[in-house]
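Colleague: Sending over a structure as structure tokens; questions will come in a sec.
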Amino acid sequence: MWALQAVRLPDGVVADVVVEGEQIARIGSGAAAGVSSVVDCRGKLLLPAFIDGHVHLDKVLIRDELNEHDGTLSGAIGAIHERKRRYTVDDVRDRAREVIEASVRLGTTRLRSHVDVDTIGGLLPLQGVLAAAAECADIADVRTIAFPQEGLLRDPGAFGLMEAALEAGADVVGGMPHWEADEPSQREHVRLCFELAERFDRDLDMHVDETDDGGVRTLEMVADEALRRGFVGRVCAGHVCSLAAAPHDYAERVIEKCARAKISIAANAVTNLVLQGRGDRGLIRRGMTRVAEFRAAGVNVLFGQDCVKDGFYPFGRGSMLEVALISAHAAHLTTRDDLAFALRAVTEAPAQAWGVNDYGIKVGARADLQVFAAPSWAEALRLQIPPEKVWFKGRLVAENSVRSELHRSS
Ligand SMILES: [Zn+2]
């Protein structure tokens, strides 16, 4: 048993937090009394460790080896093909491990990774990410989503590989209906994904409408299918960029359906801000989904890192603090309530999308925690400081220190 003494909780209250084994055992003023092993925090901020609910660990860190392309989604997908053909399990494992380790250092201990499943790479990307997840099991919880990046109908053979991926240990069924050639194929793609999810009893986490074309509307197909099958509270839709460009009446209708189907929305501002609206002149669409309207409708919205130095996005370092800051800019989040929403989008919201119940700063939750040398979430977000300490299952897994000296003339 050990304790964090005098930590500031996200709501501003200063309290002690006692950890026993892998769990939070007690929270409260004076709760650390009698505990022999104590970390004196003197009012520093305690947060639950972050969750990255949308990342692609198989593709991370390949950017330097790709040919330059036009910067669009399809340009990036095409540019990755050649590199994907050269993947080995060790190559994918090593890159994924590097980003998992970087993420843990910066306070993220749970990651849900899409992994390409297609006839180019077969199951090799999945094998690589599963190997990295196993090697990092002492510092992070990594789950995988079987993701048909090249489509299901556009890529004959991908459906069989999806079945094999789920049998081989992928946790969640992915999808990308807007990538199919026409509307009937998109609808069939959605149907196939739900069929797999039901057959294997897995949740769904699909790439939905990652395009600036407001006429692309597979989100409604996904919501309709979820409602028709009663598959409620088990679907996450990622990106959802086209909704920003779609007419308002459609947006209102589909957001209401998402709320009814308890669909979570993974908004990935960091990647989509650089990827979408490339052809626009004048008023440029930025590809950020309608965060304010989803939020107003009570839909669970999370922010994901999505990409780390891959064909889609040249930046990213596994920092959900950075993701929260960039997303706050993209979604006009500035008030106190807004900033609390941004914190929720990298903590409680992905936990809800993932169906994780033992999460947060509460008695009985798994002790995945982090302490910042900042007096509040707003200051941690503004200053972008790394967490001083990170714990996973009650064990200290990372420490950071930042040294800065100012040299005056006298
Ligand atoms: Zn993605």
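The values are calculated or read from the model by the stated rules, or taken from the named source; none is laboratory data. As the structure is a prediction and not an experimental result, all values here were calculated from the model. Positions of Cβ are generated from backbone atoms using ideal geometry, with glycine treated the same way; all protein chains shown enter the neighbour counts. Note: areas computed on protein heavy atoms with side chains; ligands, DNA, RNA excluded. Shrake-Rupley method; radii C 1.70, N 1.55, O 1.52, S 1.80 Å.
Matching residues to (1) under 18 Å from the mean Cα position of the chain (by Cα); (2) of a type outside the set (Val, Ile, Thr):
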site	(1), (2)
Val60	yes, no
Asp70	no, yes
Arg86	no, yes
Val99	yes, no
Gly107	yes, yes
Arg110	yes, yes
Asp116	yes, yes
Leu123	no, yes
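Colleague: Here are some conditions: (1) within 18 Å of the chain's Cα centre (by Cα); (2) of a type in the set (A, V, I, L, M); (3) at pLDDT 95 or above. Leu275 meets all but one. Which one does it not meet?
Modeller: (3)
Colleague: I've got another one for you. Considering every residue within region 245-264, establish whether at least one is open to solvent by less than 10 Å² (accessible area, probe 1.4 Å), among the β-branched types (Val, Ile, Thr), within 16 Å of the ligand (Cβ to nearest atom) and not in a loop (DSSP other than H, G, I, E, B).
Modeller: no
Colleague: Among the residues of region 373-383, are any open to solvent by less than 20 Å² (accessible area, probe 1.4 Å) and within 16 Å of the ligand (Cβ to nearest atom)?
Modeller: no
Colleague: Still on this structure, please answer the following. List the strands (runs of 3 or more DSSP E) inside region 106-225, counting only whole elements, that have at least 3 residues being within 16 Å of the ligand (Cβ to nearest atom) and under 23 Å from Glu348 (Cβ atoms). Before the answer, list the steps.
Modeller: Values: elements: 108-116, 141-147, 172-175, 204-208.
Those strands (runs of 3 or more DSSP E) span 108-116, 141-147, 204-208.
Colleague: Look at region 1-25 and say how many of its residues are more than 27 Å from the chain's Cα centre (by Cα) and among the charged types (D, E, K, R).
Modeller: So the answer is 2.
Colleague: Follow-up. When you go through Gly304, Gly318, Gly277, Gly364 one by one, which is the residue that is more than 16 Å from the ligand (Cβ to nearest atom), under 26 Å from Ile77 (Cα atoms), in contact (Cβ under 8 Å) with a residue 40 or more places away in the chain and of a type outside the set (S, T, N, Q)?
Modeller: Matching residue, one of Gly304, Gly318, Gly277, Gly364: Gly277.
Colleague: Only one of these is modelled with pLDDT of 95 or more and closer than 20 Å to Asp90 by Cα: Leu166, Leu126, Leu106. Name it.
Modeller: When all the criteria are applied, what remains is Leu126.
Colleague: Which pairs do you get when a residue that is touching a residue at least 12 places away in the same chain (Cβ under 8 Å) and small (Gly, Ala, Ser), found in region 42-63, comes within reach of a residue that is in a loop (DSSP other than H, G, I, E, B) and within 16 Å of the ligand (Cβ to nearest atom), reach meaning Cβ atoms under 6 angstrom, with the pair 6+ apart or on two chains?
Modeller: These pairs meet every condition: Gly53/Gly304.
Colleague: Here is a follow-up. Val308 is checked against (1) within 20 Å of Gly233 (Cβ to Cβ); (2) within 13 Å of the chain's Cα centre (by Cα) and fails just one. What number does that condition carry?
Modeller: Every condition holds for Val308 apart from (1).
Colleague: Let me ask something else. Pick out the one residue from Ala292, Ala267, Ala296 that is closer than 16 Å to His332 by Cβ and without any contact (Cβ under 8 Å) to a residue 12 or more places away in the chain.
Modeller: Every option except Ala296 fails the conditions.
Colleague: Going by the conditions given, is Glu150 closer than 20 Å to Gly107 by Cα and touching a residue at least 24 places away in the same chain (Cβ under 8 Å)? Write out each step before concluding.
Modeller: Working: closer than 20 Å to Gly107 by Cα: no; touching a residue at least 24 places away in the same chain (Cβ under 8 Å): yes.
Judged against the criteria, Glu150 is not a match.
Colleague: Name the residues in region 215-225 that are open to solvent by 10 Å² or more (accessible area, probe 1.4 Å) and not hydrophobic (A, V, I, L, M, F, W, C), would you?
Modeller: Gly215, Arg217, Glu220, Asp224, Glu225
Colleague: Consider region 81-91. How many of its residues are outside any loop (DSSP other than H, G, I, E, B) and either touching a Leu at 6+ places or on another chain (Cβ under 7 Å) or among the polar types (S, T, N, Q) (or both)?
Modeller: Counting residues in region 81-91 that are outside any loop (DSSP other than H, G, I, E, B) and either touching a Leu at 6+ places or on another chain (Cβ under 7 Å) or among the polar types (S, T, N, Q) (or both) gives 2.
Colleague: Name every residue in region 226-243 that is within 16 Å of the ligand (Cβ to nearest atom) and among the β-branched types (Val, Ile, Thr), in order of residue number. Show your work before the answer.
Modeller: First pass over region 226-243, keeping only residues within 16 Å of the ligand (Cβ to nearest atom): 235-243.
Passing the criteria: Val235, Val240.
Colleague: Could you tell me whether region 78-86 includes any residue that is surrounded by 18 or more Cβ atoms within 10 Å (Cβ to Cβ), more than 16 Å from the ligand (Cβ to nearest atom) and in contact (Cβ under 8 Å) with a residue 12 or more places away in the chain? Please lay out each step first, then the result.
Modeller: If we filter region 78-86 for residues that are surrounded by 18 or more Cβ atoms within 10 Å (Cβ to Cβ), which is where we start, we get 79-80, 83-84.
With more than 16 Å from the ligand (Cβ to nearest atom) added as a condition, the list becomes 83.
Restricting the remaining residues to those that are in contact (Cβ under 8 Å) with a residue 12 or more places away in the chain gives 83.
Yes: region 78-86 contains one or more residues that are surrounded by 18 or more Cβ atoms within 10 Å (Cβ to Cβ), more than 16 Å from the ligand (Cβ to nearest atom) and in contact (Cβ under 8 Å) with a residue 12 or more places away in the chain.
Colleague: Just the residues that are open to solvent by 10 Å² or more (accessible area, probe 1.4 Å), among the charged types (D, E, K, R) and touching a strand residue (DSSP E or B) at 6+ places or on another chain (Cβ under 9 Å), please, taken from region 113-155.
Modeller: Scanning region 113-155 gives Asp138, Asp141, Arg143, Glu150, Asp155.
Colleague: Further, regarding this structure: Name the single residue, out of those in region 280-289 being more than 14 Å from the ligand (Cβ to nearest atom) and in contact (Cβ under 8 Å) with a residue 60 or more places away in the chain, that is farthest from Leu111 (Cα to Cα).
Modeller: Asp280
Condition check ((1) in contact (Cβ under 8 Å) with a residue 12 or more places away in the chain; (2) among the hydrophobic types (A, V, I, L, M, F, W, C); (3) open to solvent by less than 20 Å² (accessible area, probe 1.4 Å); (4) under 22 Å from Ile139 (Cβ atoms)) across all residues:
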residue	(1), (2), (3), (4)
Ala330	yes, yes, no, no
Asp337	no, no, no, no
Phe341	yes, yes, no, no
Trp354	yes, yes, no, yes
Leu369	yes, yes, yes, yes
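Colleague: OK, next. So Asp209 clears everything in (1) of a type in the set (Asp, Glu); (2) surrounded by fewer than 24 Cβ atoms within 10 Å (Cβ to Cβ); (3) farther than 18 Å from Ala164 by Cα except one condition, right? Which one?
Modeller: It fails just one condition, (2).
Colleague: Could you identify the single residue in Leu192, Leu204 that is of a type in the set (A, V, I, L, M) and more than 22 Å from Val55 (Cα to Cα)?
Modeller: Leu192
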